1. Looking at this structure, is A283 outside any strand (DSSP E or B), over 30 Å from E328 (Cα atoms) and of a type in the set (A, V, I, L, M)?
2. So is E261 part of a helix (DSSP H, G or I) and open to solvent by 30 Å² or more (accessible area, probe 1.4 Å) or not?
3. Name every residue in segment 368-395 that is assigned to a loop (DSSP other than H, G, I, E, B) and either under 17 Å from V164 (Cα atoms) or in contact (Cβ under 8 Å) with a residue 12 or more places away in the chain (or both), in order of residue number.
4. Report, by residue number, each residue of segment 20-33 that is buried (at least 19 other Cβ atoms within 10 Å of the Cβ) and under 18 Å from L8 (Cβ atoms).
5. Restricting to segment 41-67, name every residue that is among the hydrophobic types (A, V, I, L, M, F, W, C), surrounded by fewer than 20 Cβ atoms within 10 Å (Cβ to Cβ) and more than 20 Å from the chain's Cα centre (by Cα).
6. Considering each of L171, L176, L212 in turn, give the residue that is out of contact with any helix residue (DSSP H, G or I) (no Cβ under 7 Å at 6 or more places or on another chain), in contact (Cβ under 8 Å) with a residue 24 or more places away in the chain, surrounded by 23 or more Cβ atoms within 10 Å (Cβ to Cβ) and not β-branched (V, I, T).
7. Only residues in segment 28-46 that are over 18 Å from G62 (Cα atoms) count as the first member; pair them with residues that are acidic (D, E), Cβ under 8 angstrom, at least 6 apart or cross-chain, and list the lot.
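The values are calculated or read from the model by the stated rules, or taken from the named source; none is laboratory data. Remember, it's a predicted structure, so these values are computed and weren't measured experimentally. Using ideal geometry, Cβ is built from the backbone for each residue, glycine included, and neighbour counts are taken over all protein chains shown. In case anyone asks, the SASA skips ligands and DNA or RNA and just uses the protein heavy atoms, side chains included. Shrake-Rupley method; radii C 1.70, N 1.55, O 1.52, S 1.80 Å.
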Amino acid sequence: MPAALELLRQMVEINSYTENREGVNQLGKFTAESFAPLGFTAEFVPSANPRYGEHVVLTRPGRSNRSIAMISHLDTVFSPEEEARNGFHWQVEGDRIYGPGTIDIKGGTVIMWLVLSALREQVPKVFEEITWKLFWNSSEERLTPDFGEMCRARFDGRTLAALVFEAEGRLGNERLMVVTRKGRAAWRVTVTGRGAHAGGKHRHGANALVQLGKTIERIAALTDYSRDVTFNVGTASGGTVLNRVPHEAVAEGEFRAFSVEAYARAKTALLELAGPGEVRSAADGYRCEVRVEILEETRPWMRNPRTDALLGMWQQAGNELGIQIGDEERAGLSDGNLIWEAVPTLDGLGPWGDNDHCSERSPDGSKVPEFVDITSFVPKAALNVAAIMKLVGVS
């Protein structure tokens, strides 16, 4: 653990905000150097988006062609400016370590390192037999599809599983593995109206902002908690100056759903809002026009027998170690969404912590930033080692 925590400290102190390409690449190189003593060789793969850093692939060939993939990512959501503004940095307080990426997901990378180190020392036969393929996404927080394509191109029929080292969930003393995740679509609504002088020609205008407000209300109403479908209006803008009836207005947001059917219904309902609006010019009836676009999509990771089989192995290992293991359907996305159909996939294999994506701390302590629980590392690493032994057929 001392070596693992030092590894984590050095990773956390490298700012790897998604748009900090230099920082992401620095972390990628440091990660490759950290795993090199375990026998891994590095490949750096340019992102499809040149604004982002390079993906990292580390490989250690085994005596057999059976392989196990491990998945993490390099980037965080915290810019250097935000870290400085909120004094958000490596800070140990009791059993907690606060800092950017401690739980999402640099702590997960450290669990990978602990698991592989333990296998090499304690079960060298398994460590040497399996071909290990480790993948780090440079832009997971933007969930760019090219990372999934890169991983799938390196999987084959002998890939036993893809293990994703996002943080575990907790329900009391029960540790929760992630077995399914929502799909997500980003959307844009553009309303075209007709501009006019807000004083002398007001009757001739068709106010695009007013129409956008009505359309936004309809979008928000598509949220259906009974079906785990959520719509979020993230941004809205329109108009130019106060003495002009706005001729255009734009809103962007997202929707999410667990099932393919609910996702498809949500998408259809959103797209059906396109067409002529009800806001008209009082002078001649000219109507606003509503256009709806899907900007990007990530399909749901559906619950499936192959993931459940992996969960069963982790539950068996937990029983043997006295660790209670449950499962979780998580609304947030991960790289698991991109690969689950290609190979059996299980998520939530990282340590426990909380408040990911948060850098603020309030004076009264009611709000604290992202942290990882130090005491969760060793039990989780031991669990993963024991479950991997079952995965490769060693009791």
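1. In short, yes.
2. On the way: part of a helix (DSSP H, G or I): yes; open to solvent by 30 Å² or more (accessible area, probe 1.4 Å): yes.
Here the answer is yes, as E261 does meet what is asked.
3. V368, P369, E370, V392, V394 - these are the residues of segment 368-395 that are assigned to a loop (DSSP other than H, G, I, E, B) and either under 17 Å from V164 (Cα atoms) or in contact (Cβ under 8 Å) with a residue 12 or more places away in the chain (or both).
4. Across segment 20-33, the qualifying residues are G23, V24, L27, G28, T31, A32.
5. If the condition is that a residue be among the hydrophobic types (A, V, I, L, M, F, W, C), surrounded by fewer than 20 Cβ atoms within 10 Å (Cβ to Cβ) and more than 20 Å from the chain's Cα centre (by Cα), then A42, F44 are the ones that fit.
6. On the way: L171 fails: surrounded by 23 or more Cβ atoms within 10 Å (Cβ to Cβ); L176 fails: surrounded by 23 or more Cβ atoms within 10 Å (Cβ to Cβ).
So the residue among L171, L176, L212 that is out of contact with any helix residue (DSSP H, G or I) (no Cβ under 7 Å at 6 or more places or on another chain), in contact (Cβ under 8 Å) with a residue 24 or more places away in the chain, surrounded by 23 or more Cβ atoms within 10 Å (Cβ to Cβ) and not β-branched (V, I, T) is L212.
7. Close Cβ pairs satisfying both conditions: G28/E54; F44/E54; V45/E54; P46/E54.
The rows are residues; the columns are (1) over 21 Å from K390 (Cβ atoms); (2) among the acidic types (D, E); (3) under 23 Å from the mean Cα position of the chain (by Cα).
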| site | (1), (2), (3) |
| --- | --- |
| Y263 | yes, no, yes |
| L271 | yes, no, no |
| G285 | yes, no, no |
| N319 | no, no, no |
| Q324 | no, no, no |
| E329 | yes, yes, yes |
